[in-house]
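Accompanying notes for the structure given below.
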Amino acid sequence: MTMQNSQKQNPIKWHHQGFGDGEQTLIWLHGWGQNHTAMHRIAGLFKADHKNRLFDQPGFGETPIIENGGTEEYADALAPQLENGKSHIIIGHSYGGRVAIQMAARHPEKVKAIILISGAGIPRKRSIKFKVRAFVLRSIGQCARLADSIFNSNLREQYSNRFGSNDYRNAGELRTTFVKAVTENLTIVAKQVKAPTLLIYGSDDTETPPEIGQKYEDAITIARYEELEGFNHWDILDRGAYQCEALIRKFFQDLNS
């Protein structure tokens, strides 16, 4: 039995923290390399009037890894964790935004709306210089992998340690998942999303710049793009929590009207 088939028959249990009360449930999904605590501050602003469930995504915090999983597998594994017969609002930061998009496309019956805060998933524009450098490095990596297979060397690992990003080097067992994420383009998936979508991006975000949110707005049928001036990829969740809350509450008002 393969790992993926085993997980379908015996789905992993996602660790989560729950708090708050209300008819509507908000599902909070953190970014890469974090856990549910990254969403504490902003989720806490909705404690008085919403049920909040803050999840550790697979491989982070206390949730087991999905071997060789990608955003599709993450969405399929999250769906059974959500209460049947209800539509949830899924709020994802960075990598969590990728999973939110997949959830809305693959499990629309469980999704009332989605909110991406600095959501990733669509490649940004790159300069010719960057593309040439990336091509050269990719070619070197492929040669190193070939040399390892022929000579039983360790060139690929040396290459990764020198040229790989910090996230890649620290990914460990999640390297395959990480590579799948950074090489995927969710534009076509986003076009399948019918749930109303709010897109919040910081003007100073260099990890997932505003252009990604604007591309999502073009791809998703019902989407609203909002840009917060002076915030980056990380402080938008903390220093920008109240600004995000205001945009989210206005979105909720329009959603329920």
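Tabulated data
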{"quantity": "Local net charge near Asn185, Cβ-Cβ under 12 Å (Lys/Arg +1, Asp/Glu -1)", "calculated": "+4"}
{"quantity": "Carbon and sulfur %, accessible surface of region 186-253 computed with the full protein complex present, 1.4 Å", "calculated": "51 percent"}
{"quantity": "Per DSSP, loop GluC sites (Glu not before Pro) in region 164-254 with at most 11 further Cβ within 10 Å", "calculated": "Glu229"}
{"quantity": "Val179/Ser203 FRET efficiency (R0 35 Å; Cβ-Cβ; nearest 0.05)", "calculated": "0.75"}
{"quantity": "Tyr242 versus Asp49: modelled label distance in nm, points set 7 Å from Cα along the beta carbon direction", "calculated": "1.7 nm"}
{"quantity": "Residue-normalised accessible area of region 73-112, given per residue in Å² at a 1.4 Å probe", "calculated": "30 Å²"}
{"quantity": "Nitroxide proxy distance, nm - points 7 Å out along Cα→Cβ at Arg249 and Thr187", "calculated": "3.7 nm"}
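The values are calculated or read from the model by the stated rules, or taken from the named source; none is laboratory data. What you are looking at is a predicted structure, and each value in this text was computed from that prediction instead of being measured. For neighbour counting, all protein chains shown are included, and Cβ atoms are generated from backbone atoms with ideal geometry for every residue, glycine included. Quick note on the areas: whole protein, heavy atoms, side chains included, nothing else; ligands and nucleic acids left out. Shrake-Rupley method; radii C 1.70, N 1.55, O 1.52, S 1.80 Å.
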